[in-house]
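Data block below; observations after.
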Amino acid sequence: MIDIKILRENPDAVRASQKNRGEDETIVDKVLASDDARRVALSEFETLRAEQNTLSKAVATAKGDEKSALLENAKTLAGKVKEADTKRAELEEIAKNNIMQLSNILDPSAPIGKEEDFVVIEHVGTPRTFDFEAKDHVELGKLLGAIDTERGAKVAGSRSYYLTGSGAMLEFALVNYAISSAVQAGFTPVIPPVLVNPSAMEGTGFLGQAAENVYHLEKDDVYLVGTSEVPLAAFHMDEVLPVEKLPIRYAGYSSCFRREAGTYGKDTRGIIRVHQFDKVEMFSFCHPDQAQEEHKRLLQWEKDFLDAMEIPYRVIDVASGDLGSSANRKFDIEAWIPTQNAYREVTSTSNCTEFQARRLNIRFKDADGTKSVATLNGTLVAIPRMIVAILENHQNADGTVNIPKALQAFLGTERFELV
């Protein structure tokens, strides 16, 4: 959540941020009103409690009829204190629920607009010109015995798949390369839980606008994560981190689950948009003053990975209306997909500033006091889409696929052959 002090001092900036996201501006006034009510209730409670403390001291030294009268007053006052405390707690809960509805304040540099209003930062590499008719990843997957969407649909429904043979081996190679690269860059590898409780999901901002795409196991009241960002962010929930150890970086490998609600008819062929996939996610806890530089570092690590896969791509600055509620700025990397004649998102990185940390109560302590950390996330590799990009960009006329040099040592071969 945002800092209530910022909201009190500059509500117009928060209104502008909400408007530029395409979200409700009136929530700002609702939050301010509930905050005022909370503060009044807190003041009333503290005043009554101070009176109660003073009265208790007087009772201790009083005698006879005076003491009896004071005890009667104390009984009456205790009821008022209890009532005021209940009111305070109720208004604090209302104020908290209201401020949780506000999205993070946008970075002033973020492009303003809807999904299509992104800004291209750079193009890297040149899309390949084929001297034969390029096959898409579904056809290549069949020829190589690497992808089976038909049996995936039979067993698990639409948007499901099997990776078999060279497809499974390619996933293992991608994960191994991603983790080894992350470790060299100073990340601690993590295999996190993929079932999380509501506080973890809400704390990272995935029960607001993103809730429709989350799988909820109602019987157990737990959620399947759509990204390991969730358990990685919650890893230090309710902790004070040593400031001298910041930034603390983790690379989480996990399966991810997404309902893909609202995408009916989109990317129904193949494994670009699926319900379950594996991913290596970078996550950083850092000093707020270093968040923007850390964001650039995460982006560079993602670019290094795409460079190693020898795939043309572009980097875009995501527009305000397409940002998740936690991010104040987000960069996407889109790989060139030859058979679609288009760039498609394969990784992204978001700066969430202190927004998630306030919700999860993750802080650090320095000479100036205790403050919220900044959190950032970035996908190093999302397996299915990277497989799509590798198969399509490195295919040969006969359906075989050349393997990027960076992965050859993990696979023990230079080319995937037909089965």
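Only the coordinates and a few stated rules stand behind these numbers; no lab work does. Every value quoted in this text rests on a predicted model; they were computed, and no experiment measured them. We place every Cβ from the backbone using ideal geometry, glycine too, and count neighbours over all the protein chains shown.
What to note about this one:
- Distance between modelled label sites at T26 and V155, nm, 7 Å Cα→Cβ extension: 5.0
- Placing unit charges on the Cβ atoms only, positive for Lys and Arg and negative for Asp and Glu, gives the stretch 235-380 a dipole magnitude near 420 debye about its Cα centre.
- GluC sites (Glu not before Pro) lying in DSSP loop within the stretch 155-250, provided at most 16 other Cβ fall within 10 Å: E218
- Nearest-20 debye value, the stretch 64-170 charge dipole, Cβ charges on Lys, Arg, Asp, Glu: 440
- Across the stretch 4-99, the mean sequence separation of Cα contacts (distance under 8 Å, 6 or more residues apart), normalised by length, yields a relative contact order of 37 percent.
- Listed residue (F235, F257, H295) projecting farthest to the positive dipole end of the stretch 226-315, Cβ model: F257
- Across the options S17, T47, A62, the greatest Cα extent toward the positive end of the charge dipole of the stretch 4-99 (unit charges at beta carbon of Lys, Arg, Asp, Glu) belongs to A62.
- Relative contact order of the stretch 115-416: 24 percent, from C-alpha pairs under 8 Å at least 6 residues apart in sequence.
- Contact order normalised by residue count of the stretch 361-419, Cα under 8 Å, 6+ apart, percent: 18
- Estimated [θ] at 222 nm from DSSP helical runs (n ≥ 4, -39500 (n - 2.57)) normalised by residues in the chain, nearest 500: -13500 deg cm²/dmol
- Its Cα centre serving as origin, the chain has a Cβ charge dipole (Lys and Arg +1, Asp and Glu -1) of approximately 740 debye.
- Toward the positive end of the charge dipole of the chain, with +1 on the Cβ of Lys and Arg and -1 on the Cβ of Asp and Glu, the farthest Cα among V214, L144, F277 is that of V214.
- Cα long-axis angle, helix 383-393 against the chain (0 to 90 degrees, to the nearest 10): 30
- The separation of the stretch 361-419 from the stretch 135-199, counted between C-alpha centres, amounts to 11 Å.
- Sequence-distant lysines (8 or more away, or on other chains) whose Cα lies within less than 21 Å of K365: K5, K245
- The C-alpha atoms of the chain define a longest principal axis, and helix 11-21 lies at about 30 degrees to it.
- Here the residues I2, I94, ranked from fewest to most Cβ neighbours within 10 Å of their Cβ, fall in the order I94, I2.
- For K57, the aspartates and glutamates whose Cα falls under 14 Å of its own Cα, not counting residues fewer than eight places away in the same chain, are E66.
- At R0 = 30 Å, FRET efficiency that the Cβ-Cβ distance of V419 and D117 yields, to 0.05: 0.10
- For the listed residue pairs K96/K371; K135/K303; K303/K330, the alpha carbons are over 21 angstrom apart in K135/K303.
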